[in-house]
Amino acid sequence: MSKLKLTVEEQIEYMKSKGIGFDITNEETAKIYLEKNTYYFKIKSYAKNYDKYQSGQNIGNYLNLEFAYLQELATLDMHLRYFIIKMSLDIEHAIKVKLLCDFNKIEEDGYSIVRKYFDCYEGIKDGISIKKSNPYSSDLISKLEKEEYAIWNLIELLSFGDFIKFYKFFYDENSKHFTGEIFTYPLLSIKSLRNAAAHNNCLLNNLKRQKHDNLNTNRKIDSFVSSIGIKRDVRINHMQKQVVHDFVTLLYVFNKIIESEGVKNATYHQLNELINVRMIKKKDFFAQNDSIRSTYNFIKIIVDYLVKSGI
């Protein structure tokens, strides 16, 4: 059944009818917030973190939920998205630097590997050509279409998803030369998380335990979390949450791949500020929510370990 269009005033009345309180943020302030800062569908999605009455006269209504709690979750989500994009860009750059460094160590002219890649993945070259309408890459693409793509050109033009394919292809083709850790599976998780952040998707809108069919924790990442001292049942519980799994993967790969101490220390300082300062600014809001509180504590243990070892 289709849902009716609601005015902002009607949206507030509907939330009240579902047990969402306006004692911290009053209705007039909430109205301005919904008109100027966000919209109903987005702010309401964070209510998934809260339980509902299962019986009695309030059945179906939310337990212990204030509109202000949803506001704070939306704000924390924004800060987290910005941080994820920053870390993802650093990882993408570092992975490309490492790949080119490894390329320079082997007998490869830089062109044959690209030809093989294009043969293996039909449509990649056509996908690059489409980008000629982009003013930031049009000159390079127009030039290379008349010549030939080399590895150092290619990585500047591939989307992150297509670069991950090339990354895997390169190391599969040259497996006899390199025995270090390859991050193909973790990079796919990072891509999904970065895309969600870049498209302004909600990340903290359901922190209850949820198992996704295609979600399997990488063995080395699980070993990393275990080495910090987090028990197996706690790891399983939290790493089955998509956003937690992908964020921990982001932290793991960043810690492994970033070699610049300046970049790493600056990032860990910002991460510490986010987790240990901003996220607990209104911690009393979430004191009665086990899902939010336990998820935060799990991430905090990992962040504190990285910060301590990195700064």
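The values are calculated or read from the model by the stated rules, or taken from the named source; none is laboratory data. Note that the structure is a prediction, hence the values are computed from the model and not measured. As a convention, Cβ positions derive from the backbone with ideal geometry for all residues, glycine included, and neighbour counts pool all protein chains shown. Each accessible area value is taken on the protein alone, full model and side chains, heavy atoms only, with ligands, DNA and RNA left out. Shrake-Rupley method; radii C 1.70, N 1.55, O 1.52, S 1.80 Å.
Close amide H contacts of residue 66 (hydrogens built in the peptide plane, cut-off under 5 Å, sequence separation of 5 or more or a different chain): 21. Applied to the range 76-90, the Karplus parametrisation 6.51 cos²θ - 1.76 cosθ + 1.60 on θ = phi - 60° returns per-residue 3J(HN,Hα) values of 5, 4, 4, 4, 5, 4, 4, 5, 4, 4, 4, 5, 5, 5, 4 Hz, with x for Gly and Pro. For residue 5, a cut-off of 14 angstrom between C-alpha atoms picks up these aspartates and glutamates, skipping any fewer than 8 places away in its own chain: 13. In this structure the range 20-177 gives 54 Å² per residue of accessible area when probed at 1.4 Å with all protein chains present. In this Cβ point-charge picture (+1 for Lys and Arg, -1 for Asp and Glu), the chain has a dipole of about 820 debye about its Cα centre.
Within the listed set 242, 71, 11, the Gaussian network model of the chain (springs between alpha-carbon atoms below 10 Å) gives the highest mean-square fluctuation for 11. Of the solvent-accessible surface of the range 167-311, computed with a 1.4 Å probe over protein heavy atoms with every protein chain present, carbon and sulfur atoms account for 47 percent.
Couplings 3J(HN,Hα) of the range 183-192, computed from phi: 9, 4, 4, x, 5, 5, 5, 5, 4, 4 Hz, in residue order, whole Hz [Karplus 6.51 cos²θ - 1.76 cosθ + 1.60, θ = phi - 60°; x for Gly and Pro].
Is there a quick way to get the dipole size of the range 200-308? I mean about its Cα centre, with the Cβ of Lys and Arg at +1 and of Asp and Glu at -1; what is the value in debye to the nearest 20?
It comes to approximately 280 debye.
Converting phi to 3J(HN,Hα) with the Karplus coefficients 6.51, -1.76 and 1.60 and the offset θ = phi - 60°, the range 232-247 yields 4, 5, 5, 4, 4, 4, 8, 6, 7, 8, 3, 5, 5, 4, 6, 6 Hz in sequence order, with x at every glycine or proline. When Kirkwood radius over Cα pairs in Å is computed from the coordinates, the matching label among [x] 22.3; [y] 19.7; [z] 19.1 is [x]. For residue 241, a cut-off of 16 angstrom between C-alpha atoms picks up these aspartates and glutamates, skipping any fewer than 8 places away in its own chain: 77, 213, 222, 233, 290. Surface composition of the range 1-106: carbon plus sulfur atoms contribute 54% of the solvent-accessible area (1.4 Å probe, protein chains only, all chains present).
Of 143/191; 44/131; 36/208; 168/264; 36/132; 52/86, which pairs sit farther than 27 Å apart, going by alpha carbon to alpha carbon? Cα-Cα > 27 Å for 143/191; 44/131; 36/208; 36/132; 52/86; rest within. Descending by average beta-carbon neighbour count within 10 Å, the peptides 276-288, 147-159 line up as 147-159, 276-288, the highest first. For the range 1-105, the relative contact order is 26 percent, taking Cα pairs closer than 8 Å that sit 6 or more residues apart in sequence and dividing their mean separation by the residue count. Distance from the C-alpha centroid of the range 1-64 to that of the range 253-311: 30 Å, rounded to the whole angstrom. Whole Å is fine, so just give me how far the alpha carbon centre of the range 150-164 lies from that of the range 76-93. Between the Cα centre of the range 150-164 and that of the range 76-93, the gap is 20 Å. For the range 81-224, the relative contact order works out to 31 percent when only alpha carbon pairs closer than 8 Å and six or more residues apart are counted.
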